[in-house]
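For reference, the structure is listed below as structure tokens.
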Amino acid sequence: MERRTFLVQSAAAAAAFPMTAAADNENAPYQSGKGWRALLNGRDVRGWHGADTETVHGSSEWMTVTAVRLDPADPKRLAFESGPGPILLNGPKEKTVNLVSDESFGDCELFVEFMIPKGSNSGVYLQSLYELQIFDSYGVAEPHTSDCGAIYHRWIDNKPVGGSAPRVNASLPPGQWQRFHVFFQAPRFGADGRKTENARFLKVLHNGKLVQENYSVEGGTRSHLEIPEARRNPLLLQGDHGPVAFRNLYIRPAA
């Protein structure tokens, strides 16, 4: 498949297509709080690896790019400028294996920006188990557990179980950068290794609006990585459902 790259050739075009990943993030929490760490190095995908068990077969094609926007020829795709850069894209075909962090985390605060085109679908899995849904939900009047900002449902006996729809629909139009700010508590275990408390999304802000608060997740949500619940597990970015780009991915582990 052809790599759909483009070049910014004028000052006017450059203004419409920002070439930096932090130009509009003056109020991002990682810029003022202590203890935040970047999970993207701004050059390549080191620190991450493709998941082993995927619905899409083959090696990971995740890559970093310098800029991204809606494809002017197809609003269901993303156009990009190739080269080492601050933006993470799920490959030139915009559908590849899920991406897993090399490092594992427990209780944490997470900040991430994402962009999707029209109709696309992705997600951020805390501990690779509990999905915070990314979806083109712009204009949806009554969001459900499959809409953006939802805690996705579990899948038991071929049926959806549980999940938490967002309190409000905070979605922006396709092709705009959006943000999640997540406060997450890992599951608790006793001395015998048995779980004593479920994982919990203490609070989730989507584009600054409260969409989740104090939601307990009984187990892994649909399409989670096949690993057991634990005090610490890696982060997972979903790449096998449609075009998605990420930038400004920061974590603040609890002390």
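The values are calculated or read from the model by the stated rules, or taken from the named source; none is laboratory data. Treat the numbers as computed from the prediction; the structure is a model and nothing was measured. Cβ placement follows ideal geometry from the backbone for every residue including glycine, while neighbour counts extend to all protein chains displayed.
Counting the residues of segment 216-240 that are basic (Lys, Arg) and within 20 Å of Ile251 (Cα to Cα) gives 2. Apart from one condition, Ser82 fits all of (1) buried (at least 17 other Cβ atoms within 10 Å of the Cβ); (2) among the small types (Gly, Ala, Ser); (3) on the phi < 0 side of the Ramachandran plot; the exception is (1). Within segment 111-126, none of the residues are in contact with a Leu (Cβ under 8 Å, 6 or more places away or on another chain), at positive phi, at pLDDT 95 or above and among the polar types (S, T, N, Q). Put simply, of Leu172, Leu237, Leu225, Leu249 the only residue that is closer than 25 Å to Glu142 by Cβ and of a type in the set (A, V, I, L, M) is Leu172.
Counting only residues that are surrounded by fewer than 18 Cβ atoms within 10 Å (Cβ to Cβ) and over 18 Å from the mean Cα position of the chain (by Cα), segment 168-190 holds 4 of them. Exactly one residue among Val8, Val56, Val45 is part of a loop (DSSP other than H, G, I, E, B), touching a helix residue (DSSP H, G or I) at 6+ places or on another chain (Cβ under 6 Å) and either β-branched (Val, Ile, Thr) or at pLDDT 50 or above (or both), and that residue is Val8. Selection of strands (runs of 3 or more DSSP E) fully inside segment 146-255 by the criterion of at least 1 residues being more than 27 Å from Val45 (Cβ to Cβ) and not aliphatic (A, V, I, L, M) returns 154-156, 159-161, 178-185, 195-197, 199-206, 209-217.
Just one of the listed residues (Glu109, Glu113) is buried (at least 20 other Cβ atoms within 10 Å of the Cβ), under 23 Å from Gly242 (Cα atoms) and of a type in the set (Asp, Glu), namely Glu113. Return the pairs, sorted by first residue and then second, in which the second residue is part of a loop (DSSP other than H, G, I, E, B) and polar (S, T, N, Q), the first residue lies in segment 178-206 and is more than 20 Å from Arg154 (Cβ to Cβ), the beta carbons are less than 9 Å apart, and the residues are 6+ apart or on different chains. As it stands, the answer is Gln178/Ser171; Gln178/Asn207; Arg179/Asn25; Arg179/Asn207; Phe180/Asn207; His206/Asn169; His206/Ser171, since those pairs meet every condition given.
Considering segment 232-255, and only residues there that are at pLDDT below 95 and out of contact with any Cys (no Cβ under 8 Å at 6 or more places or on another chain), the residue that is surrounded by the most Cβ atoms within 10 Å (Cβ to Cβ) turns out to be Gly239. Selection of segment 165-186 for residues being of a type in the set (A, V, I, L, M, F, W, C) and touching a Phe, Trp or Tyr at 6+ places or on another chain (Cβ under 9 Å) yields Leu172, Trp177, Phe180, Val182, Phe183, Phe184, Ala186. Here is the figure for segment 191-207: residues that are under 17 Å from the mean Cα position of the chain (by Cα) and either more than 16 Å from Ser137 (Cα to Cα) or among the aliphatic types (A, V, I, L, M) (or both) total 4. In segment 118-134, which residues are touching a residue at least 24 places away in the same chain (Cβ under 8 Å) and not small (Gly, Ala, Ser)? Passing the criteria: Lys118, Asn121, Val124, Tyr125, Leu126, Gln127, Leu129, Tyr130, Glu131, Leu132, Ile134.
Report yes if Gly220 is within 14 Å of the chain's Cα centre (by Cα), surrounded by 21 or more Cβ atoms within 10 Å (Cβ to Cβ) and touching a residue at least 12 places away in the same chain (Cβ under 8 Å), otherwise no. Taking the combined requirement at face value, the residue does not satisfy it.
So how many residues does segment 121-144 have that are crowded, with 20+ Cβ neighbours inside 10 Å and in a loop (DSSP other than H, G, I, E, B)?
Residues in segment 121-144 being crowded, with 20+ Cβ neighbours inside 10 Å and in a loop (DSSP other than H, G, I, E, B): 6 in total.
Residue selection: Asn198 fails the criterion of being surrounded by 16 or more Cβ atoms within 10 Å (Cβ to Cβ), touching a helix residue (DSSP H, G or I) at 6+ places or on another chain (Cβ under 8 Å) and either modelled with pLDDT of 95 or more or closer than 30 Å to Ala73 by Cβ (or both).
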